[in-house]
Structures are given as structure tokens and as C-alpha cells.
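Asks: I have a structure I would like to understand better, so I am pasting it below and will then ask my questions one at a time.
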Amino acid sequence: MHTAWARTPAYQSPHRADALLNQLLKQAERDGSLRPDSRAFAAAIRAWGRSKRFEQKSVQALKLLRQMKELAPKYPSVKPTLEAYLAALDACARTHSVTVEQQMAALKVAFAIFKSISHDGLQPNASIFATVLKATSSLMSNSDERNAIAKAVFEKAVAAGQVDVSVVKSLQKASSSNLQHELLAPMSDQHGAILYGNIPPAWSKNVKLS
């Protein structure tokens, strides 16, 4: 049921997902017959990310992540996973049709979430890096500042060996042509065209194929 609400953009979907999650938590407190887990929370976060409540996406995603951390000592299965972090980052990236101030707030939330992944002892994967770049491109206008952020994120992906095609394509959307040619030179042919099949092995050595 959580998954169903997570897949629909209906206006009431995130509230329905939250209500189901709260019922699950109450049941766990009452008799322990049902236990919450990270997948239930990730589904609720995705429901917010895909909803039409654009201005609330990042705030609600962060709220749910914090709730997971608070509950984790009592319910270890609720500890945030990469799946939950990815859903939260995607919710931030989907914050559009709002004011510039709200977009910047969502971007700050996205990078706070990105930073907390490592602090929680997890290693960002290619999907995480691609979604952070997606947030950068969707929440910032083309500028030197956006280029600088995109470059820093991409270089972290390279250092982590977590560059796949989705990371490269997300970088292209988040950066200028000049920066793309600079960063992706090892993937370029003699005419300067970027070849997705030419990702250096060192860049992708830790990417897990799904």
C-alpha cells in the first residue's frame, strides 16, 4: 500500500502515506505485531517527492529522515538506508514551480542530506551522485557557482569510483559545455564528442550493476 501511494502524484497521496506510516508505528507501540522499517519510510518520502505539493517536498523529506534516525535505536530496521536517502534527494530535486528562495532552501536540504550519508557510515553510490547533480541542475540557474558545485560533486563520484552513465548525463545537465569537455575529456573522441561507453574503469570501479 505504501508503494502504491508513493507512485502517484495525487495531491492527497503524501498525507495518505504518512497516515499509513503512523498507523504502523502505533501498531508497533501497541503490541509489536508489526514493525516499521526503512522501506516504509522510503515509500512515504517518495510519495512526497512525487506529489504536487512542490513547496513542501524537501521539508517533509528531511522531517521523515530525522524521524527515522530518532526511531532507529528502538527499531534498528528503521535506520536510514541509501534507498531512503535517495528518495529524499529526489524529493529535493523535484522542488519546482516555487520561488527562488524555496529552491535555494531545497538545495541546502539536499546537500545537508548528501553530507549526512557519509556521517552515517554509508557510501554514496552512483544513483546518489546522479541525483545530487540532478538537484543542482534543477534548483540552480546556469552560473559559475552551479559549475563549481557540479564539478565538486562529480570529482567526488570519480574519487569514489561511482561514475556511471546516469552520473555523466546528470553532470551534462548541471554544467556548461566548457566544463563538460574539461571533466569528461577522458571519455571524448578526437572530435570532442562524449562517448558514454568510454567511462574510465577507475571512475566506475565500485559501481554495482543492477
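Asks: Of all residues being closer than 24 Å to Lys52 by Cβ and among the hydroxyl-bearing types (Ser, Thr, Tyr) in the stretch 76-126, which is modelled with the lowest pLDDT? Just the residue, please.
Replies: That would be Ser97.
Asks: Looking at the stretch 95-114, which of the residues that are touching a residue at least 40 places away in the same chain (Cβ under 8 Å) and under 10 Å from the mean Cα position of the chain (by Cα) is surrounded by the most Cβ atoms within 10 Å (Cβ to Cβ)?
Replies: Only one residue fits best here, namely Ala110.
Asks: Something else now. Kindly establish whether Ser38 is surrounded by fewer than 19 Cβ atoms within 10 Å (Cβ to Cβ) and either modelled with pLDDT under 90 or closer than 21 Å to Ser127 by Cβ (or both).
Replies: So Ser38 does not fit the description; no.
Asks: Kindly indicate whether Gln56 is in a helix (DSSP H, G or I), under 27 Å from Arg146 (Cβ atoms) and not hydrophobic (A, V, I, L, M, F, W, C).
Replies: Yes; evaluated as a whole, the condition is true for this residue.
Asks: Oh, and also: Would you call Gln67 under 22 Å from Phe111 (Cβ atoms) and touching a residue at least 40 places away in the same chain (Cβ under 8 Å)? Please lay out each step first, then the result.
Replies: Details: under 22 Å from Phe111 (Cβ atoms): yes; touching a residue at least 40 places away in the same chain (Cβ under 8 Å): no.
The answer is no for Gln67.
Asks: A further question follows. For Lys115, state whether it is in contact with a Phe, Trp or Tyr (Cβ under 6 Å, 6 or more places away or on another chain) and either more than 25 Å from Gln27 (Cα to Cα) or hydrophobic (A, V, I, L, M, F, W, C) (or both).
Replies: no
Asks: Checking the structure you have, find out if any residue of the stretch 137-148 is more than 20 Å from Gly49 (Cα to Cα), touching a residue at least 24 places away in the same chain (Cβ under 8 Å) and acidic (Asp, Glu).
Replies: No: zero hits.
Asks: Would the stretch 153-164 turn up any residue that is buried (at least 17 other Cβ atoms within 10 Å of the Cβ), more than 22 Å from Lys115 (Cα to Cα) and either at pLDDT below 95 or more than 17 Å from the chain's Cα centre (by Cα) (or both)?
Replies: No, because not a single residue in the stretch 153-164 is buried (at least 17 other Cβ atoms within 10 Å of the Cβ), more than 22 Å from Lys115 (Cα to Cα) and either at pLDDT below 95 or more than 17 Å from the chain's Cα centre (by Cα) (or both).
Asks: Within the stretch 164-200, which residues are part of a helix (DSSP H, G or I) and among the aliphatic types (A, V, I, L, M)?
Replies: The answer is Val165, Val167, Val168, Leu171, Ala174, Leu179, Leu183, Ala185, Met187.
Asks: Oh, and also: For Lys57, indicate whether it is within 16 Å of the chain's Cα centre (by Cα), surrounded by fewer than 16 Cβ atoms within 10 Å (Cβ to Cβ) and outside the structural domain of Val167 (by TED's automatic domain parsing).
Replies: When the stated conditions are applied, Lys57 does not pass them.
Each row is one residue, and each column tells you yes or no for (1) crowded, with 17+ Cβ neighbours inside 10 Å; (2) within 22 Å of Asn125 (Cα to Cα); (3) charged (D, E, K, R); (4) assigned by TED's automatic domain parsing to the domain that holds Ser13.
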| site | (1), (2), (3), (4) |
| --- | --- |
| Ile45 | yes, yes, no, yes |
| Lys52 | no, no, yes, yes |
| Glu70 | no, no, yes, yes |
| Lys79 | yes, yes, yes, yes |
| Ala91 | yes, yes, no, yes |
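The values are calculated or read from the model by the stated rules, or taken from the named source; none is laboratory data. These figures come from a predicted structure and were not determined experimentally. When we count neighbours, we look across all protein chains shown, and the Cβ atoms used for this are built from the backbone with ideal geometry, even at glycine.
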